[in-house]
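Read the figures in this text as sums done on the coordinates, not as results from a lab. Since the model is a prediction, treat every value here as computed from it, not as a measurement. A quick note on method: Cβ atoms are made from the backbone with ideal geometry, for glycine too, and the neighbour counts reach across all protein chains shown.
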Amino acid sequence: MRKLKILVSVTLIYLAIANPGSAMTFDRDYLYNFIKNHVENNVSLPEQGKLKVDVAEIDPRITLHPCLSPLTANIPENHNGRNVNVKIVCPDEDPWQLFIPVKIQTIVPVLVTRIRISKGTLLNNDNIEIIFKDNSQIRGTVLTDPSVVTGARTKRNLSQGSAITNKNTCFVCKGEPVNIIAKSDNFEIKSFGVALDDGSLGEIISVRNKKSGRIIQGQVNAINQVVINL
């Protein structure tokens, strides 16, 4: 029995020496996932946006040493938003660090044309769709809600896959009937008119009141509708 106790004691001492702090070893897959998760949790996104993170291959000549402490990661403050060198640090007494290149794409929902569309075409679910595009490739204000755009007209010919924007659509088109809503905090008056300009969401256009003949300025807030705040 005494010999057994001595054997157990010697074994525990050996294990304590061999694994002084239970240092964790890392394979490349672990580091890829660690970096990807860190980027996804620390890069801000536009509304409804998604991240596409591509971690560069770690040089096979690099030896990944064990680490007693939890790894830390750092994204440089001054980065261009697409290509960053993520710094991985093992903060042990004998520390080590790696810099891993990462490509970051921010993709956002965009309304585009399903097919080629001619100037003056009414937009609807048959000729528009939502896809995700790289945010860096988008110019100007894009539209993302099909229900808002349905009924607008194109102001020019659009090829398949073109983004639907305020510049290439009119929610109120010149020469067409317009609903006019004049409102204040206490009342609302509705009338009809004719648009004297093309207008997209939020734009101020001139409208001739059909009844009085007066030309007024209204803000486009929906298909064939302008609002005048009194």
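Give me log10 I(q)/I(0) at q = 0.15, 0.26 Å⁻¹ for segment 62-152, Debye formula, one equal scatterer per alpha-carbon, no solvent.
Ignoring solvent entirely, the Cα scatterers give -0.71, -1.27.
Restricting to DSSP loop positions (anything but H, G, I, E, B) with no more than 15 other Cβ atoms inside 10 Å of their own Cβ, which trypsin sites (Lys or Arg not before Pro) remain in segment 82-150? Before the final figure, lay out each step's value.
On the way: sites: R82, K87, K103, R114, R116, K119, K133, R139; in loops: R82, R114, R116, K119, R139.
Those satisfying the criteria are R82, R114, R116, K119, R139.
Using the alpha carbon gyration tensor of segment 178-230, what are the three equivalent-ellipsoid semi-axes (square root of 5 times each eigenvalue), largest first, in whole Å? Write down the numbers at each step before the final one.
Details: eigenvalues 49, 37, 15 Å².
They are 16, 14, 9 Å, listed from largest to smallest.
Which of N186, N41, N127 ends up with the largest GNM mean-square fluctuation for the chain, with Cα atoms connected below 10 Å?
Largest GNM mean-square fluctuation: N186.
Mind listing the long-range amide H neighbours of A152? Cut-off is under 5 Å, sequence gap 5 or more, other chains count too, H placed in the peptide plane at 1.01 Å from N.
For A152, whose amide H was placed from the backbone, the distant partners under 5 Å are L123.
Given H placed 1.01 Å from N in the peptide plane, which residues other than close sequence neighbours of T169 have an amide H under 5 Å from its amide H?
Here the answer is K155, since their amide H atoms fall under 5 Å of that of T169.
Can you bin every Cα-Cα distance in segment 95-230 into 10 Å intervals starting at zero and give me the percent of pairs per bin, rounded to whole numbers?
In order of increasing distance, the bins hold 12, 35, 25, 15, 6, 4, 2, 1, 0 percent.
With θ set to phi - 60°, apply the Karplus curve 6.51 cos²θ - 1.76 cosθ + 1.60 along segment 192-208 and write out the HN-Hα couplings as whole Hz, x wherever there is a Gly or Pro.
After applying 6.51 cos²θ - 1.76 cosθ + 1.60, I find 10, x, 10, 6, 9, 9, 6, x, 9, 3, x, 7, 9, 10, 8, 9, 9 Hz.
How big is D, in µm² s⁻¹, for segment 104-162 by Stokes-Einstein at 4 °C and 1.567 mPa s if Rh is the Kirkwood radius over C-alpha pairs?
Details: Rh = 11.9 Å.
D, rounded to a whole number, is 109 µm²/s.
Report the GluC sites (Glu not before Pro) located in segment 28-128 that are in a DSSP loop and have at most 10 other Cβ atoms inside 10 Å of their Cβ, or state none.
On the way: sites: E40, E47, E57, E77, E93; in loops: E47, E57, E77, E93.
Passing both the DSSP loop test and the Cβ count: E47, E57, E77, E93.
Please grab the % of Cα pairs in the chain that end up more than 27 Å from each other. Present the calculation step by step, with values, prior to reporting the outcome.
On the way: 15820 of 26335 pairs.
Everything past 27 Å amounts to 60 percent.
Using R₀ = 41 Å, calculate the FRET efficiency as 1/(1 + (r/R₀)^6) where r is the Cβ-Cβ separation of D29 and S136; round to 0.05.
Numbers: r = 29 Å, r/R0 = 0.70.
It comes out at approximately 0.90.
Tell me, what ³J(HN,Hα) does each residue in segment 62-70 have, in order and in whole Hz, if you take phi through Karplus 6.51 cos²θ - 1.76 cosθ + 1.60 with θ = phi - 60° and put x for Gly and Pro?
Result, ordered by residue: 7, 8, 8, 7, x, 9, 6, 8, x Hz.
So if R0 is 41 Å, what FRET efficiency would E176 and K103 give, r being the distance between their Cβ atoms, rounded to the nearest 0.05?
Values: r = 46 Å, r/R0 = 1.13.
Rounded to the nearest 0.05, the efficiency is 0.30.
If amide H atoms are built 1.01 Å from N in the plane of the peptide, which residues on other chains or at least 5 residues away come under 5 Å of the amide H of L143?
L111, I164
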